[in-house]
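Chemist: What follows is a single structure, and I will ask about it in a moment.
No value in this document is a laboratory result; all are computed from the given coordinates. Computed from a predicted structure; not experimentally measured. Because the Cβ atoms are built from the backbone with ideal geometry, glycine has one as well, and the counts that use them run over all protein chains shown.
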Amino acid sequence: MRQKNKTIDNTGFSNLSAAEANRLSNKDGSFNVKRVGIPFFQRYSILHTLLKMKRKRFILLIVLYYLLVNSIFALIYYIIGVGDLQGIHLGKGWQNELLQAFFFSAQTITTVGYGHIHPTSTLTNIVAALESFTGILTFAVITGLIYARFSRPQAYLKFSENALISPYKNGKGLMFRLSTYKNNHLTDLSAKVILSMHVDEGNGKVTRFFNLPLEIEQISSMAMSWTLVHDINEDSPLYGLNSKQLIENKIEIMAKINGFDDFLFHNVQQRTSYFSSEIIVDAKFETMLGKTEDGSMSIVDLAKLNSYEIVK
């Protein structure tokens, strides 16, 4: 005899409904939580921030840092006196002299040192030595960060934008699908799906969490795509809920996928979530699989990953 799904309390989230935002987890799997009560810089790890930062922002930050440091040292050389830098052409205006000091700074911090400009006084030599030391440390750190970002194992999974409640067997099922989008190869994949639901228990609303059993919780290889299916039978907390009730109960589906990258020999994982407004009732996914004209290869059309049609 089947038993009703029991609530779980070890999710890391609070069951205080009034203390929660609209959604617990963002689409990219990050937690929708803000920590306060301590100083700003104590709440953030610089290393984690730089490793998680978007690629374009990370590159822009490095370029801005490089320009800023060189500008500061160029200004120091100018204040000391560009006459202490042998090879600078004087008498063409302060802008030109400051620009020449900037290029000398760029050559010094990168330890290129073309030689046509060089310091002659003790003070400018000290500043140049400090700048070259700064450059050695800085570029060592930047190189390490670039390597860490480049080598950090990632699952490279794309999830459908929506989860669907579709016809399934003799009833309905909750479905969403995913696929790899790089030329990596994932094996031994497993999935865990948790549902959060705001329920009224007389003294006010509380948040309850449920493990959603899946039709298939493990697959041996992500060769094409994977559609995760939860059977909405009478034992499911989703049983009998319509679109309005999904929104009223602030339903959220949180999914975590674990796998093994057999090229990198490393475990990887990726998370996502579907809020009630992203769950489409009475719809089914359109096929995203096919084959080439000569039939020699299978095709996974990732542009159709979220394609669905309404069923009546």
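Chemist: Convex hull volume of the Cα atoms in segment 46-151, per residue, in Å³? Please list the in-between numbers first.
Modeler: Numbers: hull volume 10.8 nm³, N = 106.
Taking the convex hull of the Cα positions in segment 46-151, it is 102 Å³ per residue.
Chemist: Where in segment 56-88 does the label zone of residue 103 land, with the point 7 angstrom along Cα→C-beta and an amide N cut-off under 19 Å?
Modeler: Residues 67-79, 81-88 qualify, since their backbone N sits under 19 Å from the label point.
Chemist: Now a separate question. Given 0.36 nm per residue, what is the gain on full extension from residue 301 to residue 139 after removing their alpha carbon distance, in nm? Could you put the intermediate results ahead of the total?
Modeler: Values: separation 162, 0.36 × 162 = 58.32 nm, distance 4.13 nm.
Between residue 301 and residue 139, full extension yields 54.2 nm more.
Chemist: Separate question: Over all alpha-carbon pairs of segment 154-310, lay out the pair-distance distribution in 5 Å bins, whole %, shortest bin first.
Modeler: Reading upward from the zero bin: 2, 9, 17, 20, 19, 14, 10, 5, 3, 1, 0, 0, 0.
Chemist: If you don't mind, there's one more thing I want to ask. Report ³J(HN,Hα) in whole Hz for each residue of segment 191-201, in order, from the Karplus equation J = 6.51 cos²θ - 1.76 cosθ + 1.60 where θ = phi - 60°; Gly and Pro get x.
Modeler: 10, 10, 10, 10, 10, 10, 9, 8, 10, 8, 10
Chemist: Let me ask something else about it. Straight-line reach only, C-alpha to C-alpha below 18 angstrom: list the aspartates and glutamates that residue 27 could link to, leaving out same-chain residues fewer than 8 apart.
Modeler: 161, 252, 278
Chemist: Related question: Can you compute the label reach from residue 96? Point 7 Å from Cα along the Cβ direction, backbone N cut-off under 20 Å, restricted to segment 117-146.
Modeler: 117-118
Chemist: Helix 122-151 against the longest principal axis of the chain: what's the angle in degrees, Cα atoms only, rounded to the nearest 10?
Modeler: In the chain, helix 122-151 runs at an angle near 20 degrees to the longest axis.
Chemist: Another question about this same structure. Helix 94-109 versus the longest principal axis of the chain: what is the Cα-based angle in degrees, 0 to 90, to the nearest 10?
Modeler: For 94-109 against the chain, the angle is about 70 degrees.
Chemist: Under the 0.36 nm per residue contour assumption, what length would be gained going from the current alpha-carbon distance of residue 220 and residue 287 to full extension?
Modeler: Separation in residues times 0.36 nm, less the Cα-Cα distance, equals 22.0 nm.
Chemist: Around residue 173, which amide H atoms from residues at least 5 apart in sequence, or from another chain, sit under 5 Å from its own amide H, with H modelled in the peptide plane?
Modeler: Long-range HN contacts for residue 173: 166, 168, 232.
Chemist: Hey, what number do you get for the chain at 222 nm if only DSSP H runs of n ≥ 4 count, each worth -39500 (n - 2.57), divided across all residues, to the nearest 500?
Modeler: Numbers: 5 runs with 85 residues, N = 312.
Result for the chain, helices only: -9000 deg cm²/dmol.
Chemist: Still on this structure: Taking the Cα centre of each part, how many Å lie between segment 28-49 and segment 111-139?
Modeler: About 37 Å separates the Cα centre of segment 28-49 from the one of segment 111-139.
Chemist: To continue, here is another question. Counting just the Cα atoms, what span does the chain cover along each of its three principal axes? Round to the nearest Å and put the largest first.
Modeler: Cα extents, longest axis first: 90, 64, 34 Å.
Chemist: Just to confirm the number: angle between the C-alpha axis of helix 55-80 and the first principal axis of the chain, 0 to 90 degrees, nearest 10?
Modeler: For 55-80 against the chain, the angle is about 20 degrees.
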